[in-house]
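Student: Sharing a structure, written as structure tokens. Questions coming.
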């Protein structure tokens, strides 16, 4: 009997930001076994059927399951450069057995191909009659498309093929870029609301209090470490791929209107957003090798000026840190505080607020 997923609260974006609308795990669960609340999620043991699909869609790896972890799948001996992974419900034997083939992250699939291991996924002919059929088959196709994008990127030579091993037939999947409208919309169609709809709803909410952000140490999920290692032979040469919801990568920008509250930096679980400052300058930088596209930074940004870059593709190898916004520091002529401002103000926001309060009371 396969155990249900483990939950690490400090990695969950709902724990990091109590007003987060992230519901990836609950939306993909075919058994309604996940309860959401403002400090994370709860896996309902009486409903969970251990499919591990929630593990696959969590960008921060707050949910984990040993059988589909990178350590388990990448450490399996493949002496003849062939590996068969079978799904447990099908009853097929393989070098590894997983709760559902849709629970295998596409970055792991791509890494196996990069290592020259011919991979066979066995059991897809049983998807229609499986208990996980409501979401499993769609997630398999989504991950295969994302793997195809990664395997087609760069010029590092031919990567090993992946085969769907069905009863009486074997279908080989070529490394295509997976970049078409149907595949790009698949994720939104089967897990629910898109992030753009969520952002519209959050934009109508009042500013979140500081206590809504919970402090925790930054970390780097396994899948991001693997993705960073896929194209190391390219060095500083940029490797760009089509943006895909199953890939832990994103490019961000900040438009005009930033209030310099630094909430995005404090809420980022991986340290992709960092603050660099000295006595004369204040800068927010973006490290693409740490971003997992969890979108919590966009959620917490109250003026909604932190958002995805308006490009169809993204970097998937390490690039130099990019300054999203940088401003000089000034000293308030009234209280001598150092503050950041993109205009010609001579007094800090605190003193300015005091003036507004005084005016509202005494006229």
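Student: May I ask for the angle, rounded to the nearest 10°, between helix 349-362 and the longest principal axis of the chain, with both axes built from Cα atoms and the value confined to 0 to 90°?
Tutor: Once rounded, one gets 60 degrees.
Student: Something else about it: In nm, give the distance between the simple-model label positions of residue 275 and residue 261, each being 7 Å from the Cα along the Cα-to-Cβ direction.
Tutor: So the label points at residue 275 and residue 261 sit 1.4 nm apart.
Student: Continuing with the same structure: Please list 14-25, 213-224 highest first by mean number of surrounding beta-carbon atoms within 10 Å per residue.
Tutor: 14-25, 213-224
Student: Could you calculate the FRET efficiency of residue 42 with residue 308 from 1/(1 + (r/R0)^6), where r is the beta carbon distance between them and R0 is 25 Å, rounded to 0.05?
Tutor: Step by step, r from the Cβ atoms, then E = 0.25.
Student: How much mean residue ellipticity at 222 nm does the chain get from its helices, if each DSSP H run of length 4 or more adds -39500 (n - 2.57) and you divide by all residues, to the nearest 500 deg cm²/dmol?
Tutor: Mean residue ellipticity, 222 nm, calculated: -7500 deg cm²/dmol.
Student: Only bridges whose two residues both fall in the chain count here: according to DSSP, what percent of them are antiparallel, nearest 5?
Tutor: The antiparallel proportion sits near 75 percent.
Student: Spin-label point model (7 Å from Cα, Cβ direction): what's the residue 342 to residue 31 distance in nm?
Tutor: For residue 342 paired with residue 31, the spin-label model returns 4.9 nm.
Student: Another question about this same structure. Among rounded, prolate and oblate, which fits segment 1-71 when a ≥ b ≥ c are the square roots of the eigenvalues of its C-alpha gyration tensor, a/c under 1.5 means rounded, and a/b larger than b/c means prolate?
Tutor: oblate
Student: Once you place label points 7 Å from the Cα toward the Cβ at residue 75 and residue 6, how far apart are they in nm?
Tutor: Computed distance between label sites residue 75 and residue 6 equals 1.3 nm.
Student: If you don't mind, there's one more thing I want to ask. Rank the residues 117, 350 as a footprinting-exposure proxy: fewest other Cβ atoms within 10 Å of their Cβ go first.
Tutor: So the residues, fewest neighbours to most, are 350, 117.
Student: Rounded to the nearest 0.05, what FRET efficiency do residue 356 and residue 233 have when you use their Cβ-Cβ distance and R0 = 45 Å?
Tutor: 0.20
Student: What's the angle, to the nearest 10 degrees (0 to 90), between helix 136-152's Cα axis and the longest principal axis of the chain?
Tutor: 80
Student: Next question, about the same structure. Taking every DSSP beta bridge that has both residues in segment 1-148, what percent is antiparallel when rounded to the nearest 5?
Tutor: Rounded to the nearest five, the antiparallel share is 45 percent.
Student: Distance between the C-alpha centers of segment 101-132 and segment 286-312? Whole Å please.
Tutor: Cα centres, segment 101-132 to segment 286-312: 29 Å.
Student: Here's another thing I want to ask about it. Which label belongs to the value computed from this structure, given these candidates for semi-axes √(5λ) of the Cα gyration tensor in Å: [x] 40, 32, 18; [y] 59, 22, 16; [z] 43, 23, 16?
Tutor: So the structure-derived entry is [z].
Student: For segment 55-146, what does the alpha-carbon gyration tensor say about shape, rounded, prolate or oblate, given a ≥ b ≥ c as the root eigenvalues, a/c under 1.5 as rounded, and a/b over b/c as prolate?
Tutor: Oblate, because a/c is 1.5 or more while a/b does not exceed b/c.
Student: Another question, then. Which ordering of 311, 72 is given by a fewest-first count of other beta-carbon atoms within 10 Å?
Tutor: Result, fewest neighbours first: 311, 72.
Student: While we're here: Evaluate 2.2 N^0.38 Å with N set to the residue count of segment 250-340, then give the Cα radius of gyration divided by it.
Tutor: 1.15
Student: Continuing with this model, one more query. So how do 291-298, 236-243 stack up, highest first, on mean other-Cβ count within 10 Å?
Tutor: The densest-packed peptide leads the list: 291-298, 236-243.
Student: Now a separate question. I need the calculated FRET efficiency for the pair residue 128 and residue 96, taking r as the beta carbon distance and R₀ as 30 Å, to the nearest 0.05.
Tutor: Approximately 0.85, to the nearest 0.05.
Any read-out appearing in this document is the output of simple, stated calculations on the displayed coordinates, not a laboratory observation. For clarity, every value in this text was computed on a predicted model and none was experimentally measured. Note that each Cβ is placed from the backbone with ideal geometry, even for glycine, and that neighbours are counted across all protein chains shown.
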